[in-house]
Structures are given as C-alpha cells and as structure tokens.
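See below for the structure under consideration.
The values are calculated or read from the model by the stated rules, or taken from the named source; none is laboratory data. For clarity, every value in this text was computed on a predicted model and none was experimentally measured. Glycine gets a Cβ as well: all are built from the backbone with ideal geometry, and neighbour counts include every protein chain shown.
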Amino acid sequence: MSMIKLDRPHQAIERLIGTMETVLVGKRHVIELTVVALLARGHVLLEDVPGVGKTMLVRALARSIGGQFKRIQFTPDLLPTDVTGVSIFNQKTLEFEFRQGPIFANVILADEINRTSPKTQSALLEAMEERSVTIDGHTHQLAQPFFVIATQNPLEYEGTFPLPEAQLDRFLLQLRLGYPTEREEVEILTRFIGAHPLEQVQPVVTAEEVHALQQQSAAIKVSEAVKEYIVRMCQKSRQHPDVYLGVSPRGALALCRAAQALALVRGRDYVIPDDVKELVPFTFAHRLILKPEARLDGATVERVLSDLLQQTRVPVG
C-alpha cells in the first residue's frame, strides 16, 4: 500500500467519529476509544449484554472507512479453517487452491468468541498478532487495515471457553457500551423508527487514509517522563498486594501506543500524562489477575486500578 500523509489528520478523525455517532447515540467516548484501537493497530474486546449496539458499532466503523466487513459467529463446532480458510484440490488443474476464510476482511466482528474451542480461538488470535495466516506451509497476508472487535457476553458462562490470560493480553483495549440513558433511548427510538441510520452511512475516509493515520499515530512524540510514568504504573501493578498477575511489558507497550493514538484523536502531536490516565482502565482491566484470597476479601480490579492511579507519581512539565 502506497504511503500518503494527511495534512489535517484531526479533521479526518473527527469525520470518522461524527459519522459513527449518527448510528450510535450517546457513545462518543466508546467510539473515540474504538478509533484509538484502530489507529494504534490494535484490537478490541467488547464485553457487554446483548442488544446494546455491539454489531452496529462494528458495522458503522466498516462503512465509515469503506472497508470490507465480515462477521464470524463463534460456536462450539467452529473449526480453525472456518475462520482462516482452507486449501481445496482442484480436479481440473490438479493443484491445491486456497479459499479465503472470513478473516480476510478489513473489519472483523468475532461474535461471542468465548463460545468456540480454544483451538479455534487461537487461529483468530494468531491472525490478529501476525496479520497473516499460514495454510499448508504458505503464508497469506491479511487486508490492510485489519481490525478485529471480539465480543463476549459477561452473563452467560455455561458452554463457554473463557479466553486464557495470554490471549486476553492480545487485545489492546477492553470496552463496554453500557445501557443508554432515558433521553438517549428516546433518541434511539426517534432515529430508528423509520429508515435504519446505518443505511445512510457513506465512507468518510479511505483504507489508504486509515493506513496513513496509523503511521502518523506511531510518530506521535512520547517523552521520557511519560514513558517512565507508564512503566512505573506497570511495575506497581505487579507489586500490588491483591494482584496475582500484573501487567506485562506487552501491556506497557499497548498503553503507550494507545496513548499516542489518543493524542492524535485529540489533535496533538505529543502524549500527555492525562492520555495515559484516561486509558489505564481500558488497557489494564483485562490484563490483571487478582489473588483468590483478595477476591474473597472483596478486592476488585476497579479498586486496584484506582490504587495504581493514585499511588503512581504523575510527571510534571
């Protein structure tokens, strides 16, 4: 893909966020964070109850960037090749031909990822990490941009295969949409009672522009003081008395990259400590494992995160 540079990246990002807001009422912060994950070349784990707009969020993003959207409904009998694709023998050419799976798209909705087997989960997560799939010794590159939002229902555990810690660590952010307020829900009825607003969504940025924004996000300046702030936060997560498994170095890098993307979304070419503080709950929550005895004593991930933010010295200047 040829590299282009956007002169006004903030305007392009605002167009993208504004377009998605026409479909999702009152969810600007979640939309911003989803765009942050996209620009940081990460992926999102969306944990929420049915019916709050998870699919709509992903479809709105795909339509707004003019990208190809694929939905994979994860079930216990889904095979890895149902996700990545399979080589089939062609009787005419007497050769194997690769038939792409649904993973070959720009925006993927991995719906109810915890309902499929660990083997199939691993096939998706390997593709997320490597941005390619290898079938019968041949490596196939995935589309660019490539962005996965995986969902899971926090209320249903029967017949599920919870993601292990090493796989949760592959997600840049964990987000929740939550229920709308009363006013927002009335606005939803008003917008959706006629034509579906999603049908009116047109691309406002191209795939090439998204790629350029990703490059510009990676170039956002991070001072030594902010880097040390991120590392101190991660170190304290490993030393917290209630924590069995703290944030890994991959988690520190995820927070740094997300902070760069958030700075770009906010129209800056440098990261400030407030970017880091805002993102800690979304980058750390799914990476922390509490000690069983601490849970019995009433400890929560939210309380640990609050401790980390309060106890870690914020750089000045």
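So here's what we get for this one:
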{"read-out": "Members of the range 66-79 that are in contact with an Asp or Glu (Cβ under 8 Å, 6 or more places away or on another chain) and buried (at least 18 other Cβ atoms within 10 Å of the Cβ)", "value": "I72, F74"}
{"read-out": "Strands (runs of 3 or more DSSP E) lying entirely in the range 134-234 (those with 1 or more residues that are at pLDDT below 90 and under 19 Å from the mean Cα position of the chain (by Cα))", "value": "147-152"}
{"read-out": "Members of the range 239-295 found to be farther than 20 Å from P162 by Cβ and either assigned by TED's automatic domain parsing to the domain that holds E32 or β-branched (V, I, T) (or both), listed by number", "value": "V265, V271, I272, V276, V280"}
{"read-out": "Answer from T160, T190, T134 - the residue that is in the same structural domain as P50 (by TED's automatic domain parsing), of a type in the set (S, T, N, Q) and in contact (Cβ under 8 Å) with a residue 12 or more places away in the chain", "value": "T160"}
{"read-out": "Counted residues, the range 1-31 - those being closer than 19 Å to P203 by Cβ and either crowded, with 23+ Cβ neighbours inside 10 Å or not small (G, A, S) (or both)", "value": "19"}
{"read-out": "Those residues of the range 16-75 which are closer than 27 Å to Q215 by Cβ, touching a residue at least 60 places away in the same chain (Cβ under 8 Å) and assigned to a strand (DSSP E or B), in sequence order", "value": "V44, L45, L46"}
{"read-out": "Residue count for the range 264-301, restricted to those that are outside any helix (DSSP H, G or I), farther than 30 Å from D7 by Cβ and charged (D, E, K, R)", "value": "2"}
